Amino acid sequence: MAQVADRPTPGEGMATKPTKGKVAEFRGHWADEVEGAALYRALAEAAQGEQREIFTELAAAEMRHALHWAGKLVEAGQPEPSLASHRMSAKTRLLVWMTRRFGAKVMLPILERAEARDAGVYDKVAEAKAGMALDERLHGLAVQAMAGPPTAGSVRAGIARGERWHRSDASGALRASVFGVNDGLVSNTALVMGVAGGQVGGKAILLAGLTGLLAGAFSMGSGEYVSVRSQRELYEREIRLEAEEIEEMPEEETAELALIYRAKGLPKHEAEELARRISAEPSTALDTMAREELGLNPEELGRPWRVAVSSFAFFALGAVVPVIPYAVGSGTAAFVATVLAAAAALVLVGAGVGLLTGRALARGGLRQLMIGAGAAAFTFGIGLLVHAAVG
C-alpha cells in the first residue's frame, strides 16, 4: 500500500487516545472508501471516453479518503490496514460483478441512489479531513449528472423556460394558493356539515364555521412560517459553509466544479476553463456552487412572513365559502346554499388543480367535487348519529 498521505505526527490532532468505538469507526470509514474506490475502478473499466476519466478520478478521490483513515488508525496505535488482506463485502462484490456484466450505464441509477444516501456521511465526523464532506456530496452530483443524458440538466431547464406546456412554477406561489384554498374549503365544509348534521341552530353552525376558519388559517400560517424559516436557516447555513470552503480550498472547489461540468457533458478543457472563470470571482463562485452542489437558488430562499400570510389568507378564502350562507341566513335555505356554494367552489378548485397538473379541467373539477362531497357526507352522517345518540 502506498505511504499514507498527510499523516499527522504522533499526538497531533489527538488530545486523547481514541476509544475502541472510534477505532472501529475509523476502520469502517477506511473500508467504505476502499470499496467505493474498487467500485469506481470497475465502472471506469466498463465505461469509455470522458466517463472513464471521471470514474478514475472519483476512484482516486476515494483512495485519498482511505489514506486519511489509514493515517488515523496508525495515529491511534493500530497497524496500517492492508489492501491485500481486506475482504470486500458481499454487496460490493455483487455491484462490481454487475458492473462488469451489464456495464456502467445500467449501474448508474443504482450508484446515484447510493451516493445520495451517503452524501452527508462526513458532515458530523470531526476526524474527517477538511473537504471530505464536500467531496462526497460532489461525487453524488457527478454521478447524478452522468445518470441522465449528457446535458440533461440544461436541456430540462431550457424546455421548462421555453415551452409553456411544461407546467413549471418555480416559486410555488400558484400551487400553494390553489392547494391552500382547497384545504380550507374541504376541511371547513366538512366541519360545517358535521355540525349541521347535529341539528343545532344556525348561530352554532356559524360559530363553528368561523372557529374552524380561524383555527385552520392560523395553523396553516404558523406551520408554513416555521417550515420556511427553518428551511431558510438551513440553506443559509449551507451557503455560509460553502463560502468558507471556497475561501479555504479554492483549488479543490475549482477542480470539483470542473468535474461536475464534465459529468454534464462538457469536454474536459472547456469544463476546466469554465470552472476557472467562475472561480475567479468569489461571489459568482458561491452562487454557482450553491446552485450546482446544493441545488439552491440563493435568490429564492423564501420569505417566512410572506409565506405565512399567504397561507393564512388562501386557507381562509376557501374556508369562508361554507360560512357565508349561515352569516346571512339560517335553516334549510342556508344549508342548501352552503351545499351549492361548496360544490361550485370544489369544482373550480379541482379545475385549478387540473390546470397545474396538465389534466383535463372537467375531470379535475369532478374528482375534487367527489372528494369534498364524500368528506362532507361522512361528517354530516357522524353529526346525525351523534344527535340521535344524545338527543
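Regarding GLY197, is this residue more than 38 Å from the chain's Cα centre (by Cα), surrounded by 20 or more Cβ atoms within 10 Å (Cβ to Cβ) and not aliphatic (A, V, I, L, M)?
Yes; evaluated as a whole, the condition is true for this residue.
For segment 31-121, list the helices (runs of 4 or more DSSP H) that sit wholly inside it and hold at least 3 residues that are surrounded by fewer than 20 Cβ atoms within 10 Å (Cβ to Cβ) and in contact (Cβ under 8 Å) with a residue 24 or more places away in the chain; which are they?
In segment 31-121, 49-75, 104-118 are the helices (runs of 4 or more DSSP H) which contain 3 or more residues that are surrounded by fewer than 20 Cβ atoms within 10 Å (Cβ to Cβ) and in contact (Cβ under 8 Å) with a residue 24 or more places away in the chain.
What number of residues within segment 304-342 satisfy the criterion of being surrounded by fewer than 16 Cβ atoms within 10 Å (Cβ to Cβ) and in a helix (DSSP H, G or I)?
Within segment 304-342, residues that are surrounded by fewer than 16 Cβ atoms within 10 Å (Cβ to Cβ) and in a helix (DSSP H, G or I) number 11.
Filter segment 368-385 down to residues that are in contact with a Ser or Thr (Cβ under 8 Å, 6 or more places away or on another chain) and either among the aliphatic types (A, V, I, L, M) or not assigned by TED's automatic domain parsing to the domain that holds SER187 (or both) and give me whichever is surrounded by the most Cβ atoms within 10 Å (Cβ to Cβ). Even if it seems obvious, please write down each step before you answer.
Step one: of segment 368-385, the residues in contact with a Ser or Thr (Cβ under 8 Å, 6 or more places away or on another chain) are 372, 375-376.
With the extra rule that they be either among the aliphatic types (A, V, I, L, M) or not assigned by TED's automatic domain parsing to the domain that holds SER187 (or both), the set shrinks to 375-376.
Numbers: ALA375: 18, ALA376: 25.
Once the filter is applied, the top-ranked residue is ALA376.
Residues to consider are THR357, THR379; find the one that is modelled with pLDDT of 85 or more and polar (S, T, N, Q).
Of the residues listed, the single one that is modelled with pLDDT of 85 or more and polar (S, T, N, Q) is THR379.
Filter segment 342-391 down to residues that are without any contact (Cβ under 8 Å) to a residue 12 or more places away in the chain and among the small types (Gly, Ala, Ser) and give me whichever is nearest to GLY197 (Cα to Cα).
Out of the qualifying residues, it is ALA388.
The values are calculated or read from the model by the stated rules, or taken from the named source; none is laboratory data. Nothing here was measured: the structure is a model prediction, and the numbers come from that model. Positions of Cβ are backbone-derived with ideal geometry, glycine not excepted, and every protein chain shown enters the neighbour counts.
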